[in-house]
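The next block holds one structure in the form of structure tokens; read it before the comments.
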């Protein structure tokens, strides 16, 4: 049977998402984000069956230009740059009819709200339900219009992105009411396509409560829980859905029992009516028997037989009533047990949510400590390099001073003899050899003593600035603890990118 699903969520910078990256992944294309300079390339991803861009009034604009315009138009760091709608497509329709259905819906949205609408249809996952055809529909948060200059631009916020206060001032429905209208619009257009394809299945956007159904709705598993369930690993959401299915099954059985009890009650009432009629007939017979003594004995015997049958029927009716009452009591106990199980599941879900929040808080604290530790290590490395350079300058100061003096004397003696080297005196040549020998000596000394200067710098900092060393060591420990914590838990939070390689030009391993 066709399944109804429509959900919407914004693409916001505050959550680390961009419109360019979102559309690149959903459409399986490559886009360069001109605002950040980052290239998003998903051309190798599979499962994208169809893509198409819709604009109000048929405005011409390329997909890359549109979503880069959406990013550059918004200036705040927490801006919403796009809105995504995800819909489930009926597996009963053919691939061509599913494409027509989604594009009709997207075209209506573009003309209704004046925004650009980008469609990407995805096929079912190879390891999941082969009926899970679905579409990702990306909407711009601003209206797409042609300016007087002829340029196409994103202008004012669309109705879907206005606050309830702004909507009320303009006499428009609230955001919640507008979402209900979109959900109903998707159900209507889907049912229209199903009817045109001569398929009996239909979808309904209303909740169980609005439809008058007593059954409890299940929760959406999501891709993470679905993957775990397929591997045989039970999840809290999966357990909850199984409990709901069992509860709904029990309620259906109870409805069947109630219907049966109602039928039994009607039968008993009909039987009692017949019994009363037969008793009335028997009483009349007795009255006639008193008038006709000749027939009294036979009539009395007949009446006694009728009374006996009536008593047996009444006893049978009482037994059926007792059995029905027992069935009702048993059903009541099962309902109470399921209600207790439901409450227990809700408490377990609350505890799991609290545990997740505590884990996230702990992860954020470790993240902050790791960032602080990274800064402390940078301070240590910078200080180490400065002191190492000072040791090197002090060690080579006398040699470099001598080299400078010889260089000056050499340059002074060389000026009048620039024309030819053959005219140099033996003494000048010897000075030049001494000068070059000193240069090689300094170069060799710098190479040989490079490790010594670094060690001198480490020892000096350890003696004179122990606080810097201690903070750097604490920073290393904080980074280690944070990475260990990230490896233990599932990758649900964005891990901190800290340096873990050894810098050969600095004194501390990270």
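FYI, it's all coordinate maths here, none of it is from the lab. On a predicted model such as this, the values are computed, not experimentally measured, just so you know. Ideal geometry is used to build each Cβ from the backbone, glycine not excepted, and the neighbour counts take in all protein chains shown.
Observations on the model:
- Counting beta carbons within 10 Å around each of 100, 433, 243 and listing the fewest first gives the order 433, 100, 243.
- FRET efficiency for residue 224 and residue 345, using Cβ-Cβ distance with R0 set to 22 Å, rounded to 0.05: 0.70
- Sorting the segments 369-375, 64-70, 4-10 by their residues' average number of neighbouring beta-carbon atoms within 10 angstrom, most packed first, yields 64-70, 369-375, 4-10.
- Theoretical gain in end-to-end length, residue 352 to residue 276 [0.36 nm per residue, Cα-Cα removed]: 21.0 nm
- Distance cut-off 19 Å, percentage of C-alpha pairs in the stretch 236-351 lying past it: 65
- Remark: relative contact order (the stretch 1-152) = 29 percent; criterion is Cα-Cα distance under 8 angstrom and separation of 6 or more residues.
- Paramagnetic label reach from residue 59 (point 7 Å along Cα→Cβ; backbone nitrogen cut-off under 12 Å): within the stretch 9-39, no residues.
- Sorted by Cβ density within 10 Å, fewest first, the residues 332, 33, 264: 332, 264, 33
- With the largest listed first and rounded to whole Å, the semi-axes of the equivalent ellipsoid of the stretch 1-134 from the Cα gyration tensor are 26, 18, 14.
- Efficiency of FRET between residue 35 and residue 329 - r from beta-carbon atoms, R0 45 angstrom, step 0.05: 0.05
- Förster-model FRET efficiency, 35 Å R0, residue 7 and residue 148, C-beta, rounded to 0.05: 0.35
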